[in-house]
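Reviewing the structure listed below.
The values are calculated or read from the model by the stated rules, or taken from the named source; none is laboratory data. Please read these numbers as outputs of a predicted model, since none were measured by experiment. Cβ sites come from the backbone with ideal geometry, for glycine too, and all protein chains shown count toward neighbours.
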């Protein structure tokens with residue numbers, strides 16, 4: 001039987017691969033893909049997440065990657081064709097990983113973020129050559145600082161770096177809406193839903209299974225060393241359409257979408273503000289030519305209309321996850337009332 005995770009032209013020789021993390025949205029899908037293609041996969045993490053178990057056939061080692069001595073103890077003198085680090089978020093993390101794996105891997109893959117690209121963008125589509133600059137979000141600035149550190153090591157010491165910049169990547173557990181399940185609840189209840197901005201900015205959503213095709217395809221490739229790659233879907237949608245697709249998937253009536261400026265939402269929610277101003281409020285359309293030139297058979301095949309149905313079905317089958325956030329409900333009610341009446345929210 002042909003494995004559905006393997007593409008017809010996947011003929012790359014098996015690699016010896018280490019994933020640091022391996023249980024997140026993108027890393028779990030990449031783990032499944034790597035094992036399906038016959039790569040020898042080792043996953044290093046703390047063993048504390050049961051949400052996305054490691055695939056059968058992967059070796060799992062338990063250690064906290066922030067504890068250098070513990071990592072050295074479990075890895076011993078082992079070497080790898082590729083090491084993919086999914087949980088380096090600060091320059092200190094990147095520096096520690098670089099010291100751990102220098103000389104023991106042919107490729108170190110740092111998972112950065114497409115939110116590191118210039119915000120607001122001065123031109124679309126976004127390319128790998130687009131400047132990295134995000135004055136709104138510390139998360140993105142930290143990723144940029146990691147890249148600066150690692151690329152300097154590549155230039156000065158031949159550290160075998162490859163940078164991957166995913167954008168909004170989801171699986172069945174991740175609702176793309178600002179309010180998560182609370183927005184689904186509001187739509188099913190016939191309540192108006194708050195949409196940031198005017199709802200027309202373009203957003204790119206990539207299913208984790210699609211991301212994994214390109215990501216695993218670049219592992220162990222010498223020509224990828226010293227390069228950066230954006231990996232996203234070629235589908236982009238306005239936020240109004242994304243909300244409507246979720247409403248349709250949830251069997252809700254046509255939603256009443258009330259538009260509230262991102263700056264207004266940010267002023268009333270310190271939690272939502274950085275992500276809104278630093279990422280979601282800007283149109284993001286990407287050119288995937290570069291990754292396709294390396295992995296020629298890469299194509300994103302999951303349209304978001306199908307992805308939205310997969311997500312809603314998952315939550316409908318797991319009612320314990322259907323958490324209505326009362327704080328977000330109150331924020332939505334207050335800002336929607338303000339937007340509808342032009343009265344300053346109190």
Of the candidates 278, 220, the one satisfying the condition of being within 30 Å of residue 52 (Cα to Cα) and either without any contact (Cβ under 8 Å) to a residue 40 or more places away in the chain or out of contact with any strand residue (DSSP E or B) (no Cβ under 7 Å at 6 or more places or on another chain) (or both) is 278
**Message:** Could you go through the range 119-128 and let me know if any residue there is touching a strand residue (DSSP E or B) at 6+ places or on another chain (Cβ under 9 Å), closer than 21 Å to residue 15 by Cα and surrounded by fewer than 19 Cβ atoms within 10 Å (Cβ to Cβ).
**Reply:** no
Every listed condition ((1) under 18 Å from the mean Cα position of the chain (by Cα); (2) assigned to a loop (DSSP other than H, G, I, E, B); (3) more than 27 Å from residue 273 (Cβ to Cβ)) holds for residue 178 save (3)
Result of the Cβ filter at 6 Å on the range 334-346, keeping first residues that are under 15 Å from residue 256 (Cα atoms) and partners that are modelled with pLDDT of 90 or more, at least 6 apart or interchain, is 335/194; 335/260; 336/192; 336/194; 336/258; 339/258; 339/260
Of the residues in the range 26-43 that are touching a helix residue (DSSP H, G or I) at 6+ places or on another chain (Cβ under 7 Å) and in a strand (DSSP E or B), the one that is surrounded by the fewest Cβ atoms within 10 Å (Cβ to Cβ) is 43
>> Just checking, does the range 282-296 include any residue being surrounded by 16 or more Cβ atoms within 10 Å (Cβ to Cβ), closer than 30 Å to residue 188 by Cβ and out of contact with any strand residue (DSSP E or B) (no Cβ under 7 Å at 6 or more places or on another chain)?
In response: yes
message: Condition check: within 20 Å of the chain's Cα centre (by Cα), under 20 Å from residue 141 (Cα atoms) and surrounded by fewer than 21 Cβ atoms within 10 Å (Cβ to Cβ). Does residue 238 satisfy that?
response: no
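State yes or no: is residue 92 without any contact (Cβ under 8 Å) to a residue 24 or more places away in the chain and within 22 Å of the chain's Cα centre (by Cα)? Spell out the reasoning first.
Numbers: without any contact (Cβ under 8 Å) to a residue 24 or more places away in the chain: yes; within 22 Å of the chain's Cα centre (by Cα): yes.
For residue 92, the condition - without any contact (Cβ under 8 Å) to a residue 24 or more places away in the chain and within 22 Å of the chain's Cα centre (by Cα) - is met.
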Is it true that some residue in the range 102-115 is on the phi > 0 side of the Ramachandran plot and outside any helix (DSSP H, G or I)? yes
